[in-house]
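> The structure is given below, and queries will be raised subsequently.
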Amino acid sequence: TRSSRDAHDARVRIEIETPDGPRTRHRVIGTGGSFGSSSLQLEVGLGNAIAIRGVTIHWPVSGESHHTGFELDHAYRIREGDAAPISIETTPFRLGSS
């Protein structure tokens, strides 16, 4: 990677499809919380999204990368310079589950 290892200051644009039409979410990778209280993993609520159209990341050093092929309720690792995101196996959290 050419930018910082933790993607600090990378800007992320997530394009989603909802029942009411397309929407866009914007986030910036920050430092987390003070004294390590927040993970640097970007977690984004997509509300009533029915699909993810794509994710564009503006890396501080190397510029933009655009990725597609995402599924809802999945976690992905995106590294600067990689051609495609890597799916991470997780157990999804669902409200009301025990």
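> Report, ordered by the first and then the second residue, all pairs with beta carbons closer than 8 Å, sequence separation of six or more or different chains, a first member in the range 63-82 that is of a type in the set (K, R), and a second member that is in a loop (DSSP other than H, G, I, E, B).
From residues that are of a type in the set (K, R), the pairs are R77/P85; R79/T1.
> Oh, and also: How many residues are part of a strand (DSSP E or B) and either over 16 Å from V12 (Cβ atoms) or not basic (K, R) (or both) if we restrict to the range 75-89?
Adding up the residues that qualify gives 5.
> Go through the range 52-69 and give me each residue that's over 12 Å from the mean Cα position of the chain (by Cα) and under 16 Å from R23 (Cβ atoms).
R53
> Any residue that is open to solvent by less than 60 Å² (accessible area, probe 1.4 Å) and at pLDDT 90 or above - is there at least one of those in the range 85-96?
no
> Quick one: how many residues across the range 7-27 are open to solvent by less than 80 Å² (accessible area, probe 1.4 Å), under 18 Å from D73 (Cα atoms) and not charged (D, E, K, R)?
Here the count works out to 5.
> Additional query: I'm trying to understand the selection: among the residues of the range 18-73, which are part of a loop (DSSP other than H, G, I, E, B), modelled with pLDDT of 95 or more and of a type in the set (G, A, S)?
A49
> Separate question: Condition first: within 14 Å of E43 (Cβ to Cβ), touching a strand residue (DSSP E or B) at 6+ places or on another chain (Cβ under 8 Å) and open to solvent by 80 Å² or more (accessible area, probe 1.4 Å). Now tell me which residues in the range 61-82 satisfy that.
Hits for the range 61-82 are H74, R77.
The values are calculated or read from the model by the stated rules, or taken from the named source; none is laboratory data. Quick caveat: nothing in here was measured; it's all calculated off a predicted structure. All Cβ positions, even for glycine, are placed from backbone atoms using ideal geometry, and neighbour counts span all protein chains on display. Ligands, DNA and RNA are stripped out before the accessible areas are found, and what is left, the full protein with its side chains, is counted by its heavy atoms. Shrake-Rupley method; radii C 1.70, N 1.55, O 1.52, S 1.80 Å.
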